[in-house]
């Protein structure tokens, strides 16, 4: 079997215009509207598409009376076209930034846990070294971030790998496990209770991750393993703003990442219940595209994230000392002694 030519596009004289056309047809579903979007005539667009299909020896689109749909080959080519054009756009942004004396642009995606502590520490560290580096951060679920990474709009992720994506095209570098804890509002009746067990938590109202999520499955299994029915008084949501608001307004409980919970506890917003759970989320890590080349700025941020992930956690700040009481004047002290004597 003949090995594929890695530089086939040179022999084919692939044009950027053809990549733009593939994306435009995919977006419009119609070659006429795609041609109009690119300020081309329809015959010119049809000719460019045919030249590309002839060179590849496959059909990139299925022609239907009401439009065009990409074949499996077309879907692959369109995805790579989007990535290639996104990379070219970012290359131009880096060059413009370097000419202006700046340090380029880095776009990173993150799930909630590393976004609360690890990523802010790394960004703060790198900004002290390269203040001109522009850093964009997008906070989303792992699935959404993986889609954006594969479309080429993000340099790398701090997220989890899932079974919904082709991992052969990704490089995964594990950073940290993610144990979970039960949280409630500060001052909740259960926060100071000794000998707390899962049985005590069943009748409580709960705010839990939605059904079908990994954490919800493990939450329910936790009770089943203890011979208990999972709680029935439940609100399903993963929106952290809603969760923290509802916890502060009620006696509801929630299960969340320990790192996230400790951050909210430090701020005095939530309290971690004294109960160790045999439950954890899958570890998160750095995820990159195998075929991507990191910009210097992205490499700097990656190195900072690795350093911070290995660093021991910072100790909690000590409470500020209370001011010493001022000595009372002699006359006032005498009156106080007199009052005590009469009491």
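Where a number appears in this text, it was derived from the coordinates with a stated rule and is not lab data. Since we're looking at a predicted model, the values are computed, not measured. When we count neighbours, we look across all protein chains shown, and the Cβ atoms used for this are built from the backbone with ideal geometry, even at glycine.
Numbers for the structure displayed
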item: Three-way shape label, the range 20-97, alpha-carbon gyration tensor, a/c 1.5; result: prolate
item: Highest-first arrangement of 129-136, 109-116, where packing means the average Cβ count within 10 Å; result: 109-116, 129-136
item: Zone residues, the range 214-231, relative to residue 112, backbone N less than 17 Å from point 7 Å out along Cα-to-Cβ; result: 214-220
item: Shape of the range 104-189, Cα gyration tensor, a/c cut at 1.5; result: oblate
